[in-house]
Ligand code: NBP
């Protein structure tokens, strides 16, 4: 009997992401072996491979059979829940792997776990990649954005596969070797933080248009469809337009109005903000989006607070449609405010990446990162091409805010941006993301800040000393004594 042909690659972990990525790889013509702890998912995947076009995919029910079915040097992608399940899966599979084989973790893993596993894998002669995968179910099946980091040799072993499997845009496949260590996971984490910011800013635009402008769901669908034809063209704007078009099958009106206003999260946004604090990088828009998710979770408290403040005399007209508002102008202003706020949010994310790249010596290529996010992933947008070009013009750009093209765009939009934030504040509609972005812009662009007063206070109560603008050195003043000295 002839031995079965070996697969080019293997994939373990057949939940949403694994199943779809395996089918994508098979569809691109690479024979693939699959495995899952619970074997029913192997059968499910085999069924799909059959019905979705007789794809070259073989199912295996034990770690040993799975590993032995793959060509050497073996490359095995793992797509299981991040954390302990990854360690358990590595331990089960690596028992059958040989020096020179590669493990690729495609989950949303904390980058330090990847760095630990790189060392553990190397001790066994195995290579390791931590590969961020973005695009959800649809992306995994039809073309995700892939962010592999770790062993360059391991990357070269699978380069042909990932370049075919990734989303394709006019300037190439949405994958590139990110850098050493846990850089792939770190970049994916910041991508998710930026995604939090984008979603928050879009929800604020919706809130202002609905509660200040009085826009209906039909109007909102039209507005977002229109926005998707211009500078805001992106996956998130496109799906938002679709959301407003879906009616509630259980009652009157749109489904969006029946959804409980409590946002879920899985942790990558929190990690992004923690890392920003760790590296002393300001990321206020991303932090505001995280805070909003926390506050959204306090539904019962918010309902109670609404009642207490109403009883305390909070006026009815706060939060209701403003009389005599110029709706057409408001819509155009919100578009501009959203765009300008987005630039600041991306500036924060990119600067966090730069700080980490310097700390870890990853040598990240920011233009390339913007390029591989142009397709496949949740933040894909026309706008990313402009970011790519900004970093190509100047790889050492201090901030996107000072790229000449973005600077011009922000200055052109600042009138509209201030009007939207001002109107929202007057109406009692919170726009923390837009406010955070505007404050970031207004703080960053000012040559002189009130930090002089903070320094004086620190010196007064803690003798922390201060520098002067007109002479060198560290100074300390007996502030209280001088201030209270009797003449
Ligand atoms: P889940 O994160 O829901 O994980 C389910 C998979 O993990 C199943 O295959 C399950 O096997 C396996 N697993 C678990 Br749980 N514990 C295990 C253990 N101790 N040993 C072996 N296998 C174990 O799957 P997912 O949503 O497909 O996501 C996979 C990864 O991709 C995650 O890191 C996720 O954060 C990331 N990601 C997800 C998305 C998305 O849109 N869902 C997008 C981008 C990235 P079982 O069947 O035997 O229980």
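The values are calculated or read from the model by the stated rules, or taken from the named source; none is laboratory data. Quick caveat, the model's predicted, so the values are computed rather than measured. With ideal geometry, Cβ positions are generated from the backbone for all residues, glycine too; neighbour counts draw on all protein chains shown.
How about region 1-23: which of its residues are away from the ligand (no atom under 13 Å from the Cβ) and either at pLDDT below 95 or in a loop (DSSP other than H, G, I, E, B) (or both)? Scanning region 1-23 gives 1, 2, 3, 4, 5, 6, 8.
To keep it simple, each residue is scored yes or no on (1) touching a strand residue (DSSP E or B) at 6+ places or on another chain (Cβ under 6 Å); (2) at negative phi; (3) in contact (Cβ under 8 Å) with a residue 40 or more places away in the chain.
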residue: 12; (1), (2), (3): yes, yes, yes
residue: 50; (1), (2), (3): no, yes, no
residue: 61; (1), (2), (3): no, yes, no
residue: 86; (1), (2), (3): yes, yes, no
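Here residue 115 meets the list (1) under 24 Å from residue 150 (Cα atoms); (2) more than 16 Å from the ligand (Cβ to nearest atom); (3) more than 24 Å from the chain's Cα centre (by Cα) almost entirely, failing just condition (3).
For region 213-253, filtering for residues that are over 26 Å from the mean Cα position of the chain (by Cα) and crowded, with 16+ Cβ neighbours inside 10 Å leaves 5. Of the helices (runs of 4 or more DSSP H) that lie entirely inside region 309-393, those containing 3 or more residues that are surrounded by fewer than 18 Cβ atoms within 10 Å (Cβ to Cβ) span 327-360, 383-393. Within region 24-55, if we keep just the residues that are farther than 25 Å from residue 134 by Cβ and crowded, with 18+ Cβ neighbours inside 10 Å, the residue that is nearest to the ligand (Cβ to nearest atom) turns out to be 42.
For residue 90, indicate whether it is within 16 Å of the ligand (Cβ to nearest atom) and either modelled with pLDDT of 95 or more or farther than 20 Å from residue 15 by Cβ (or both).
Taking the combined requirement at face value, the residue satisfies it.
Somewhere in region 67-75, is a residue under 28 Å from the mean Cα position of the chain (by Cα) and away from the ligand (no atom under 13 Å from the Cβ)? Looking for residues that are under 28 Å from the mean Cα position of the chain (by Cα) and away from the ligand (no atom under 13 Å from the Cβ), one finds at least one in region 67-75, hence yes.
Checked against the criterion of being surrounded by fewer than 18 Cβ atoms within 10 Å (Cβ to Cβ), assigned to a loop (DSSP other than H, G, I, E, B) and more than 23 Å from the chain's Cα centre (by Cα), the candidates 419, 446, 458 yield just one match: 446. Among the residues of region 148-171, those that are touching a residue at least 40 places away in the same chain (Cβ under 8 Å) and within 16 Å of residue 30 (Cα to Cα) comprise 157, 158, 161, 164, 165, 166. If you filter region 56-66 down to residues that are in a loop (DSSP other than H, G, I, E, B) and within 14 Å of the ligand (Cβ to nearest atom), you find that the one that is farthest from residue 28 (Cα to Cα) is 62.
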